[in-house]
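Right, one structure below, let's go through it.
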Amino acid sequence: MKEFVEFELTKEFRDRFQEALDQRDSQFIRESLEDVNPADITTLLYEFNSEEAKYTLDILPLEVKAQIIKDLDSETRAGFLKIYEPAEVTSIINLLDSDDAADILNELPIKTREEVIATLDPLLSSQVIDLLRYDENVAGGLMAKELIKARHHWSVVQCVEEIRKQAEAVTKFYTVFVVDEQDRLLGKVALQDLVISDANKLVADIYEQDVVSVETSMPDTEVAGIMKKYDLESVPVVNVHGQLVGRITIDDIVDVITEQAEEDRQLMSGITEDVEEDDTVWKNTRARLPWLLIGIFGGMLSARFMGLFEEQLARVTAIAFFVPLIQATGGNVGIQSSSLVVQSLASPDFVDEGLWQRLIKVLFVALLNGFFLSILVFGANWLLFGNQQLSLVVSIALFSVVVFASLIGTITPLILDRFGFNPAVASGPFITTINDLLGLTVYFLSIHWML
């Protein structure tokens with residue numbers, strides 16, 4: 001295995017590399033990237049435009065070039081490949097596994113895609129055509145056709161010989177899948193068992209029947225949950241007839257988990273579209289504006305609500321000092337509660353305990369948190385302002401806000417999930433806005449009654 005040097009993208013190296021590109025200094029580019037990991041080269045190329053990146057890649061070995069293009073994010077790659085001729089795309093795709101090849105072909109214009117498929121290696125071409133039938137968000141769209149399989153009636157010697165032949169087309173494999181004459185999945189056999197078993201034994205005598213598999217139509221998030229639950233490095237994919245049609249490896253699932261986490265993070269932050277920092281101004285604005293409008297609307301309601309208590313504010317100006325404290329605490333408590341619920345709902349092992357059981361548990365946690373926070377705030381306010389009655393009002397309001405915010409933060413994602421909506425949208429600005437209004441209501445009602 002080739003040893004790669006440690007690479008750090010500094011401003012000095014980027015500027016020197018830009019100079020080499022401007023001067024078409026191919027020797028410097030080749031020598032500076034010769035022992036660099038393709039993943040690091042991918043990061044470097046994001047700093048330059050498509051023409052400069054293509055010039056760099058054309059200098060590198062074709063295998064490295066293919067690896068780098070495979071690792072590009074889909075949007076960047078789709079734009080980048082527009083400047084390549086179909087023959088160049090074919091030479092790249094011929095070096096990739098079938099699942100990666102299908103992903104790239106899906107990003108090409110239909111005419112270019114057909115031209116490339118027609119000139120691919122015949123075996124890869126048939127595999128890719130089969131994969132293109134599946135939606136990209138299901139197991140069939142994730143799987144690769146390259147795998148190692150053995151017939152259950154083979155001897156160990158015959159199985160090893162077949163593995164040697166099949167392994168030429170498989171870059172890496174973790175296990176051997178056992179099938180019958182109709183290619184129906186029967187189980188798996190570990191390479192270690194093949195090595196230590198008697199040469200005359202049959203595969204049927206040593207394979208494990210207990211094998212976890214997924215169907216081609218299973219959503220990618222469910223596949224990720226299964227592989228995480230059973231700690232699998234690869235999982236076989238079967239069709240509706242139980243026939244082995246492909247496998248999904250852990251590197252493909254890491255991408256799914258990363259994308260899901262990014263999507264949930266953006267939703268919880270109040271961003272309604274999948275956007276990156278370097279996307280257009282309009283796309284970034286469109287993604288953020290809806291939830292910001294909700295926040296503005298909530299802020300206007302808060303201001304109007306505070307106006308109803310103008311007389312109390314005029315009499316005791318210290319009341320206004322604690323509005324940020326009440327709102328911030330309510331928002332934080334609501335976000336904490338909703339985040340835990342969203343995390344539980346996203347888990348494949350989640351079991352709904354029922355609304356009342358959850359609310360009782362949340363209530364006890366909120367009571368304890370509210371008690372400690374209110375005692376702390378009561379003591380601090382008394383020391384700072386010397387007003388026992390005001391300190392008591394603020395503490396009672398804070399205690400109430402913590403309890404109500406916890407309940408709302410728990411209930412909202414559960415209700416949204418029950419009605420089929422993504423519970424991640426319950427967090428961020430939505431919960432914060434509700435709890436701001438709730439906190440002000442509780443705070444000023446407490447002041448009205450007690451002061």
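Every number here is computed from the coordinates shown, using simple stated rules; none is lab data. Just so it is clear, the structure is predicted and the values come from calculations on it, not from any experiment. Quick reminder, even Gly has a Cβ in these numbers, built from the backbone with ideal geometry, and neighbours come from all protein chains shown.
Tabulated data
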item: Added length on full extension, which subtracts the Cα-Cα distance from 0.36 nm per residue, Phe364 to Asn200; result: 52.5 nm
item: Entries in Lys111/Lys149; Lys145/Lys201; Lys70/Lys229; Lys54/Lys111 that, when Cα-Cα distance is taken, lie over 30 Å; result: Lys111/Lys149
item: FRET E, pair Leu191, Asn332, Förster distance 60 Å, beta-carbon r, rounded to 0.05; result: 0.70
item: Spin-label model distance (nm) - Trp154 vs Leu62, 7 Å beyond Cα toward Cβ; result: 3.0
item: Taking Val442, Val401, Val178 and counting other C-beta atoms within 10 Å, the order from fewest to most; result: Val442, Val178, Val401
item: Glu51 versus Glu181: modelled label distance in nm, points set 7 Å from Cα along the beta carbon direction; result: 6.3
item: Inter-label distance for Glu12 and Thr258, nm, one decimal - labels placed 7 Å from Cα along Cα-to-Cβ; result: 2.9
item: FRET efficiency, Glu208 to Lys165 (Cβ-Cβ, R0 25 Å, nearest 0.05); result: 0.60
item: Footprinting exposure proxy for Met143, Met218, Met227 (fewest neighbouring C-beta atoms within 10 Å first); result: Met218, Met227, Met143
item: Candidates per chymotrypsin sites (Phe, Trp or Tyr not before Pro) in region 33-90, loop by DSSP, up to 14 other Cβ within 10 Å; result: Tyr46
item: Low-density loop cleavage sites - GluC sites (Glu not before Pro) in region 163-221, where at most 11 other Cβ are within 10 Å (DSSP); result: Glu181
item: Proxy reagent accessibility, fewest Cβ within 10 Å first, across His241, His152; result: His241, His152
item: Modelled FRET efficiency - R0 30 Å, Lys229 with Asp73, Cβ distances, 0.05 increments; result: 0.60
item: Highest average packing first - 407-415, 11-19, 370-378, Cβ atoms within 10 Å; result: 407-415, 370-378, 11-19
item: Rh (Kirkwood; distinct C-alpha pairs) - region 11-133, Å; result: 15.1
